[in-house]
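Colleague: Below are the structure tokens for one structure; questions will follow.
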Amino acid sequence: MTALHDVGAFSRDWREARSKFLDAARRAGAEHRAWPHPLAGPAGDALATDTAWLGPRDASRVLVVISGTHGVEGFCGSGPQVGLLRGDSGLALPDDTAVLMIHGINPHGWAWLRRVTEENVDLNRNWVDFAAPLPHNPGYAALHPHLTPASLEPEALAASEAAQAAFVAEHGAHAARVAASSGQYTHPDGHFYGGSGPTWARRTSEAILAEYLPRARTIAIVDMHTGLGPYGYGEPICNHAPGGPRVRRARAWWGDSVTEPLLGTSSSQEKWGLTEFGYERCLAHADIAFVALEFGTYPESNGRVVLRDDHWLHTRGDPAGPGAAAIKTAIRDHFYPPHDDWKEMVLFRSWQVWRQALAGLAAA
Ligand SMILES: [Zn+2]
């Protein structure tokens with residue numbers, strides 16, 4: 001068995017993933033730092049984001065790998081992060097190059113098997129300028145009652161499905177997708193809510209970048225996600241301004257598999273408040289290229305169901321009640337398929353994309 005078939009670096013829950021990450025970071029001689037979270041996990045665990053720095057502290061070239069932006073999606077990024085720290089990836093750091101692993105940037109969402117933060121915020125919609133007028137998404141307001149049914153009984157769900165189908169019929173599939181998931185800043189109890197200010201996870205991200213990257217000159221960032229696209233395929237999604245230097249850098253480093261939602265070439269669509277926009281501002285002193293590495297799992301129709309049910313559980317149901325386990329298993333399995341073939345594909349593709357990033361940094 002080669003390292004590409006060893007899925008032992010993946011975990012069953014946040015606590016195990018953190019334990020494996022800390023152990024692997026220590027054995028690798030990485031500089032570890034914990035960023036404590038104010039709330040606890042479902043088993044009473046003290047939550048934290050962890051960072052591990054590998055390589056010279058003053059390196060001018062840095063690869064940043066982020067896991068857990070969307071909480072429950074953290075399992076996917078953690079496996080290859082732990083594997084790399086264990087030496088499984090075969091990747092070697094060129095001179096003047098370092099790797100910054102950010103493990104579980106949304107630890108509350110991950111521990112509770114949710115996509116959102118403790119503020120019910122989609123961290124990947126939270127990086128807007130809150131001092132400026134917020135993005136306007138009137139379609140979301142129309143869909144909100146149907147996306148958040150009061151009950152999971154069949155009649156209520158049938159009515160909400162019918163209303164959503166009517167919206168698609170009237171406005172088209174793309175407009176419906178933008179309305180439902182591009183982000184909204186009006187319904188704190190809704191889906192894909194961008195927040196009313198920077199979340200703990202965003203503030204922690206900003207502190208990590210200020211601590212570790214004020215002097216880096218060239219930076220590749222890979223933010224690990226799941227839930228869109230074909231099963232097991234990792235799509236590098238680039239949301240930098242089309243035609244600009246950051247997109248050209250991403251294409252030079254990651255080649256023709258780079259997709260651009262703003263050009264309609266991605267499994268994703270245009271969105272507000274993305275993490276890369278915040279990184280562009282925080283790392284304005286450096287030449288950067290940022291991709292979301294998005295691993296496909298199951299059809300998006302299933303994703304809508306698991307997010308709807310999880311939202312219901314945490315707003316109207318009982319997360320500790322008898323019905324919770326089935327909902328939690330469903331959301332975890334959607335964003336983290338419980339199959340070794342999927343994990344093997346994640347390992348291969350992740351290390352491929354990180355190797356391409358290191359090669360690109362070396363040539364920059
Ligand atoms: Zn995601």
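Colleague: Could you calculate the FRET efficiency of Asp256 with Asp318 from 1/(1 + (r/R0)^6), where r is the beta carbon distance between them and R0 is 56 Å, rounded to 0.05?
Modeller: On the way: r = 48 Å, r/R0 = 0.86.
Approximately 0.70, to the nearest 0.05.
Colleague: State, as an integer percentage, the relative contact order of the chain based on alpha-carbon contacts under 8 Å between residues 6 or more apart. All intermediate terms of the calculation are to be shown ahead of the outcome.
Modeller: On the way: 725 pairs, mean separation 74.8, N = 364.
Averaging sequence separation for qualifying contacts and normalising by length gives 21 percent for the chain.
Colleague: Calculate how steeply helix 324-335 sits against the longest principal axis of the alpha-carbon atoms of the chain, using the helix alpha-carbon long axis, and give the answer as 0 to 90 degrees to the nearest 10.
Modeller: Roughly 50 degrees between the two axes.
Colleague: Going by the alpha-carbon gyration tensor, a ≥ b ≥ c the square roots of its eigenvalues, is segment 97-152 rounded (a/c under 1.5) or, if a/c is not under 1.5, prolate (a/b greater than b/c) versus oblate? Numbers along the way, then the final one.
Modeller: Details: a/c = 3.32, a/b = 1.42, b/c = 2.33.
Taking the square roots of the gyration eigenvalues as a ≥ b ≥ c, segment 97-152 is oblate.
Colleague: Quick check: residue separation of Ala169 and Tyr233 times 0.36 nm, minus the Cα distance between them. What number comes out in nm?
Modeller: Numbers: separation 64, 0.36 × 64 = 23.04 nm, distance 3.02 nm.
Length gained, Ala169 through Tyr233: 20.0 nm.
Colleague: Of the listed peptides 290-296, 152-158, 273-279, what is their order by residue-averaged count of other C-beta atoms within 10 Å, with the highest listed first?
Modeller: Working: 290-296: 24.6, 152-158: 11.7, 273-279: 22.9.
Output ranking for 290-296, 152-158, 273-279: 290-296, 273-279, 152-158.
Colleague: Once fully extended, how much extra length lies between Arg26 and Asp340, figured as 0.36 nm per residue of separation less the alpha-carbon to alpha-carbon distance? Present the calculation step by step, with values, prior to reporting the outcome.
Modeller: Values: separation 314, 0.36 × 314 = 113.04 nm, distance 2.64 nm.
Full extension of this stretch gives 110.4 nm more.
Colleague: Taking a ≥ b ≥ c as the square roots of the eigenvalues of the Cα gyration tensor of segment 224-347, is the shape rounded (a/c under 1.5), prolate (a/b larger than b/c) or oblate? Don't skip to the answer; put the middle values down first.
Modeller: Numbers: a/c = 2.59, a/b = 1.83, b/c = 1.42.
Here segment 224-347 falls in the prolate category.
Colleague: To continue, here is another question. Would you work out which of Tyr212, Ala176, Ala9 lies farthest towards the positive end of the dipole of the chain, given +1 charges on the beta-carbon of Lys and Arg and -1 on that of Asp and Glu, about the Cα centre?
Modeller: Going by the charge dipole, the pick is Tyr212.
Colleague: Among Tyr298, Tyr279, Gly317, pick out the residue whose Cα is farthest towards the positive end of the charge dipole of segment 274-364, where Lys and Arg carry +1 and Asp and Glu carry -1 on C-beta, about the Cα centre.
Modeller: Gly317
Colleague: Starting from the Cα gyration tensor of segment 1-112, take the square roots of the eigenvalues, sort them a ≥ b ≥ c, and report rounded, prolate or oblate (rounded when a/c is under 1.5, otherwise prolate if a/b is larger than b/c, else oblate). Before the final figure, lay out each step's value.
Modeller: On the way: a/c = 2.14, a/b = 1.38, b/c = 1.55.
Taking the square roots of the gyration eigenvalues as a ≥ b ≥ c, segment 1-112 is oblate.
Colleague: Show me 68-79, 27-38 ranked by packing, highest mean number of other Cβ atoms within 10 Å first. Kindly include the intermediate steps, with their values, before the conclusion.
Modeller: Details: 68-79: 28.4, 27-38: 15.0.
Top to bottom by mean Cβ count within 10 Å: 68-79, 27-38.
Colleague: Give me the angle, in degrees from 0 to 90, between the Cα long axis of helix 245-254 and the longest principal axis of the Cα atoms of the chain, rounded to the nearest 10.
Modeller: The two axes meet at around 80 degrees.
Colleague: If you don't mind, there's one more thing I want to ask. Between the alpha-carbon centers of segment 1-29 and segment 257-320, tell me the distance in whole angstrom.
Modeller: Segment 1-29 and segment 257-320 have Cα centres spaced 24 Å from each other.
Colleague: Hey, what did segment 155-276 get for relative contact order, percent, Cα under 8 Å, at least 6 apart?
Modeller: Details: 80 pairs, mean separation 27.3, N = 122.
After rounding, I find 22 percent.
Quick note: the coordinates plus some simple rules give every number you see, no bench work behind them. No experiment lies behind these values; they were computed from the predicted model shown. We place every Cβ from the backbone using ideal geometry, glycine too, and count neighbours over all the protein chains shown.
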